[in-house]
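S.K.: Take a look at this one; I'll ask things after.
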Amino acid sequence: MATKSVGMANKGPSYGLSRQVQDKIDSKYDHELEQTLVEWITRQCGSGVGRPEAGKLGFQAWLKDGCVLSELINSLFAGDKPIKKIQSSSMAFKQMEQISQFLNAAEKYGVTKTDMFQTVDLWEGKDLAAVQRTLSALGSLAVTKDEGTYNGDPNWFFKKAQENKRDFSDEQIKAGKNVIGLQMGSNKGASQEGMSYGRPRQIL
């Protein structure tokens, strides 16, 4: 059972408030979602990426060097792959660099900043629920874009609402401004003349 300490070797135990905060973060981790994500990633990337041990630590260890994530994002691009060099390394900074490349490519693909995890969330195991959120957002985008690169059950992820862009002519925009002005009411002819508040000031 040596795998239990994966990624935790450089952190001492946390107590008090930091322990409570970490417990709360840990409680957001979804074990069912983990199974869906593992199933999708292995289907999307092929058997070469292997499979993690069940559970949060196994999931972290599987993704920690950034290689599986890089394979995943590359598989969603039909033409030029965003990550040119995927190289497994035991060096911390190389692993973090690989994760950063994945995050940059995911943002280019369309994952919003609010759905993005931070490198330490994965590498130090600080917030694996955030990692799940990013991967779910990526899956949803892939299903929504429907570019023929998604490989999995479309029901695994929610389809995102498509943006409904509209172009208005200058006349329509001007007409809209007038309507808004009328909706807010008019103050034409209004003044404070004749109004008095409270007692008049006594001048002695």
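S.K.: Given q = 0.20 Å⁻¹, what are the Debye log10 I(q)/I(0) values for the stretch 18-145, with equal point scatterers placed on the Cα positions and solvent ignored?
M.R.: -1.22
S.K.: Here's a follow-up. Simple spin-label model, 7 Å along Cα-to-Cβ: Ser27 to Glu53 in nm?
M.R.: 2.6
S.K.: What fraction, in whole percent, of alpha-carbon pairs in the stretch 112-154 exceed 13 Å separation?
M.R.: I get 54 percent for the Cα pairs in the stretch 112-154 exceeding 13 Å.
S.K.: Follow-up. Report the label-to-label distance for Ala129 and Ser18 in nanometres (one decimal), using points 7 Å from each Cα along the Cα→Cβ vector.
M.R.: 2.0
S.K.: Give the accessible area for Arg19 in Å² (nearest 10); use a 1.4 Å probe, count only protein heavy atoms, and leave out ligands, DNA and RNA.
M.R.: 90
S.K.: Do any of Lys81/Lys160; Lys64/Lys113; Lys24/Lys84; Lys108/Lys159; Lys24/Lys159; Lys24/Lys56 go past 26 Å between their Cα atoms, and which?
M.R.: Lys24/Lys84; Lys24/Lys159, as the Cα separations exceed 26 Å there.
S.K.: Here is a further query. Rounded to the nearest percent, how much of the accessible area of the stretch 18-145 (1.4 Å probe, protein heavy atoms only) is carbon and sulfur?
M.R.: Of the solvent-accessible surface of the stretch 18-145, carbon and sulfur hold 50 percent.
The values are calculated or read from the model by the stated rules, or taken from the named source; none is laboratory data. Predicted model only: the values in this text are computed from it and were never measured. Cβ: placed from backbone, ideal geometry, glycine included. Neighbour counts: every protein chain shown. When the accessible area is computed, the model is the full protein with side chains, heavy atoms only, and any ligands, DNA or RNA have been set aside. Shrake-Rupley method; radii C 1.70, N 1.55, O 1.52, S 1.80 Å.
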